[in-house]
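One structure is given here, and the rest of the page talks about it.
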Amino acid sequence: MELPTALRQAVDRYLEGTPLAALREAADRLSRRYRAETRDGRMHLDDDIAIKAYLAARLPATYAAIRAGMEQVAYATPGFRPRTLIDIGAGPGSVLWAASDCWESLETATLIEASAAARKAGMALSENAALPATLWQSGDATTSLKAGGPADLVTLSYVLDELAPEAIGQLIDRLWALTAGTLLIIEPGTPAGWQRILSVRSRLIEAGAHVVAPCPHHAPCPIQSPDWCHFSRRVARSRLHRLTKNADVPWEDEKFIYLAASRLPPERREARILAPPIHGKGRIDLKLCLPDGTSSQKLVSKRNGEVYRYVRRLDWGDTFPTDDVVP
Ligand SMILES: C[S@@+](CC[C@H](N)C(=O)[O-])C[C@H]1O[C@@H](n2cnc3c(N)ncnc32)[C@H](O)[C@@H]1O
């Protein structure tokens with residue numbers, strides 16, 4: 001996956017003239033802080049060079065994960081046409097761009113972001129772009145959430161891992177109260193990210209939410225540690241991205257986990273593919289999460305004809321047709 005052209009060009013313009021050594025140093029610092037899930041009272045994106053490093057080294061990956069999650073929401077609920085968006089911890093506006101790409105219906109967006117440097121970058125990127133009318137707001141999601149609302153779509157992308165664990169429950173309750181349609185939460189695809197999503201999932205189900213994706217059921221997660229539920233998206237690296245990360249490979253795989261919870265049940269509830277399909281001679285092995293709350297392996301062979309031809313196109317994170325009926 002690549003950034004939309006308009007966003008890529010806006011990022012290139014924003015980064016023009018930034019010394020590569022400074023970008024590399026800031027990207028390295030950022031990566032160490034994210035990996036360690038550092039919570040030292042400082043924001044990771046607290047200055048201009050940190051957000052520039054984020055644009056060069058992280059935005060393509062978080063955009064890809066957000067867009068992939070949204071694709072699954074749109075598939076499960078084709079009638080969902082959000083007109084309003086509230087995004088918390090917006091960073092440079094990754095969700096705004098992905099949501100506009102996914103849903104043409106979007107008219108207005110409120111983006112709440114604690115870092116002034118991130119808001120400045122986000123506003124610059126979206127200036128003159130064909131995006132919904134956007135209101136950028138300063139605010140701390142854990143204390144002073146004045147988001148207006150409610151909104152059809154409420155999002156929190158790659159933010160939970162920056163918050164104190166004890167602040168998460170209350171924030172989720174407030175976000176759910178702001179949600180008129182669907183709440184989408186995205187986290188890094190690590191065991192810790194999965195655990196956070198699991199506890200958010202239980203809390204939202206208890207509050208009456210319908211899980212739209214990725215789980216095709218409301219039962220306890222059938223996956224057992226040390227395994228964990230996550231998905232992956234291949235992300236193209238631009239030249240500057242490669243230079244910033246000192247990397248040769250022109251792509252990277254972004255691992256992520258997400259949860260979409262809605263006021264209404266999904267229109268489609270199909271098994272979820274939990275790992276890369278294994279292609280053999282005339283057969284494909286799938287690891288599935290099933291609507292009955294269990295997880296199991298499924299073999300689809302050439303003899304399954306139409307289903308086999310359909311499954312050949314499917315990937316990790318897609319859904320598998322219920323009762324083997326190809327949509
Ligand atoms: C990893 S970035 C994610 C940015 C964007 N959502 C994305 O997915 O690319 C996390 C963002 O959340 C913001 N953030 C962290 N804690 C916050 C809080 N308590 N209130 C508001 N924003 C916060 C950070 O400043 C940062 O911009």
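What follows draws every value from the coordinates through simple rules; no lab data is involved. Nothing here was measured: the structure is a model prediction, and the numbers come from that model. As a convention, Cβ positions derive from the backbone with ideal geometry for all residues, glycine included, and neighbour counts pool all protein chains shown.
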Starting from the 7 Å offset along Cα-to-Cβ, what nm value, one decimal, do you get for the label separation of Lys146 and Asp46? 2.4
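Determine, for Val311, Val154, the number of other Cβ atoms within 10 Å of each Cβ, and report the residues in order from fewest to most. Present the calculation step by step, with values, prior to reporting the outcome.
Numbers: Val311 22, Val154 28.
Taking fewest neighbouring Cβ atoms as first place, the list is Val311, Val154.
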Considering the dipole of the stretch 232-293 built from charges on the beta carbon (Lys and Arg +1, Asp and Glu -1) around the Cα centre, which of Ile257, Pro276, Asn246 is farthest to its positive end? Asn246
Helix 165-178 vs. the chain, principal-axis angle (Cα, 0 to 90°, nearest 10): 80
Cut-off under 14 Å on the C-alpha distance; same-chain residues fewer than 8 positions from Lys120 excluded. Which aspartates and glutamates are left, in chain and number order? Asp46, Asp47, Asp48
Extension gain Ser202-Ala21, at 0.36 nm per residue separation less the Cα-Cα distance, in nm? 60.7 nm
What dipole magnitude, in Debye to the nearest 20, does the stretch 271-324 give about its Cα centre under +1 on Lys/Arg Cβ and -1 on Asp/Glu Cβ? 340
Helix 116-126 sits off the longest principal axis of the Cα atoms of the chain, rounded to the nearest 10 on a 0 to 90 degree scale, by 70
Quick calc: nm separation of the 7 Å Cα→Cβ label points for Ile223 and Asp28 -> 3.3
Nothing charged except the Cβ atoms of Lys and Arg (+1) and of Asp and Glu (-1): what's the magnitude of the dipole of the chain about its Cα centre? Round to the nearest 20 debye. 780
Rounded tilt (10° steps) of 191-206 against the dominant C-alpha axis of the chain: 70
Return Glu187, Glu206, Glu267 ranked ascending by Cβ neighbour count within 10 Å, so the fewest neighbours appear first. Glu206, Glu267, Glu187
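Can you sort Thr134, Thr62, Thr155, Thr294 so the residue with the fewest Cβ neighbours within 10 Å comes first?
Thr294, Thr134, Thr62, Thr155
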Any aspartates and glutamates with Cα under 15 Å of the Lys255 Cα? List them, leaving off those in the same chain fewer than 8 positions away. Asp161, Glu187, Asp227, Asp315, Asp318
What nm distance separates the two modelled labels at Trp251 and Arg303, each placed 7 Å from Cα along Cα→Cβ? 3.4
